[in-house]
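The values are calculated or read from the model by the stated rules, or taken from the named source; none is laboratory data. Here the structure is a predicted model, which means the values were calculated and not measured. Cβ: placed from backbone, ideal geometry, glycine included. Neighbour counts: every protein chain shown.
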Amino acid sequence: MKSKIFVALDVDTEAQALEIVGDLHGLNACFKVGKQLFTSAGPDLVRKIVGMGEDVFLDLKYHDIPNTVAKAGLAAASLGVRIFNVHASGGRKMMEAVRNEMDKLSNPPMVLAVTVLTSMGDDDLREVGVDAPARDQVARLALLAKASGMDGVVASPLEISLIRETCGRDFKILTPGIRPKSAAVNDQTRIATPHDAIAAGADFLVIGRPVTAAPDRRQAFLDILSEI
Ligand code: C5P
């Protein structure tokens, strides 16, 4: 990967996304394309950004029957993305089917698992039939993801040390909810600074608005680099 930082392209149009990519050109930023941009601009835009030589994380959080997710993963790989993700709650068979397909490729993307959405607390989990506290469920699903051949997980800054303890050093951790010291918090609650997230053991950071909404995006990105 070019760097540890994925800038979230949370915009609606190809033009807006390419403007951000262009603004950060040459700084070794990586980029995250999520459901909002992918649904409006589609795979052609992903191909275009990859074609510009950029590292892309396709954040579509696949969750379906094993065959469907494995084939979606192959389609993601064929776009040339470096990372895509699945929901660990899709289960072992689903994740193993993805691993199986990726193992047939010569240079497969990294596959990360989402454990518990950080928007869900203990009460929300109980409502969908999970009686365990969120932290226990995070640890459980992270271990299952590891046992099912996933390369790592997406985790909140507050879960990094828990996952390091349960899954070991080689399991990748990608962390959103990052706010540089000087930035606005926006709607994020469980946050960490870039420095603290890396110090706690994160391998990759996802940072959106502190860069994309900054008056000078290049400077904002460079400030984050120097912070870590
Ligand atoms: O602008 P901001 O830095 O808050 O963007 C963070 C990105 O990470 C968004 O794309 C958001 O959807 C994503 N994300 C998150 N928290 C999670 C999982 C993903 O903020 N728990």
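Being in a strand (DSSP E or B) and buried (at least 16 other Cβ atoms within 10 Å of the Cβ), is that true of even one residue in segment 143-153?
For segment 143-153, residues in a strand (DSSP E or B) and buried (at least 16 other Cβ atoms within 10 Å of the Cβ): present.
For segment 172-205, which residues satisfy the criterion of being hydrophobic (A, V, I, L, M, F, W, C) and surrounded by fewer than 21 Cβ atoms within 10 Å (Cβ to Cβ)?
Scanning segment 172-205 gives Ala184, Val185, Ile191, Ile198, Ala199, Ala200.
All but one of (1) more than 25 Å from Gly91 (Cβ to Cβ); (2) in contact (Cβ under 8 Å) with a residue 24 or more places away in the chain; (3) surrounded by fewer than 17 Cβ atoms within 10 Å (Cβ to Cβ); (4) aliphatic (A, V, I, L, M) hold for Leu24, so report the exception by its number.
Here Leu24 meets the rest and fails (3).
It is to be established whether one or more residues within segment 68-76 are out of contact with any Phe, Trp or Tyr (no Cβ under 8 Å at 6 or more places or on another chain), within 16 Å of the ligand (Cβ to nearest atom) and either of a type in the set (Val, Ile, Thr) or within 27 Å of Asp170 (Cβ to Cβ) (or both).
no
Can you go through Ala142, Ala147 and tell me which one is within 16 Å of the ligand (Cβ to nearest atom), of a type in the set (A, V, I, L, M, F, W, C) and touching a residue at least 12 places away in the same chain (Cβ under 8 Å)?
One residue alone meets the criteria, Ala142.
Out of Thr166, Thr175, Thr212, which single residue is at pLDDT 95 or above and in contact with a strand residue (DSSP E or B) (Cβ under 6 Å, 6 or more places away or on another chain)?
Only one candidate passes the filter, namely Thr175.
Looking for something surrounded by 22 or more Cβ atoms within 10 Å (Cβ to Cβ) and more than 17 Å from Ile5 (Cα to Cα) - is there at least one such residue anywhere in segment 157-164?
yes
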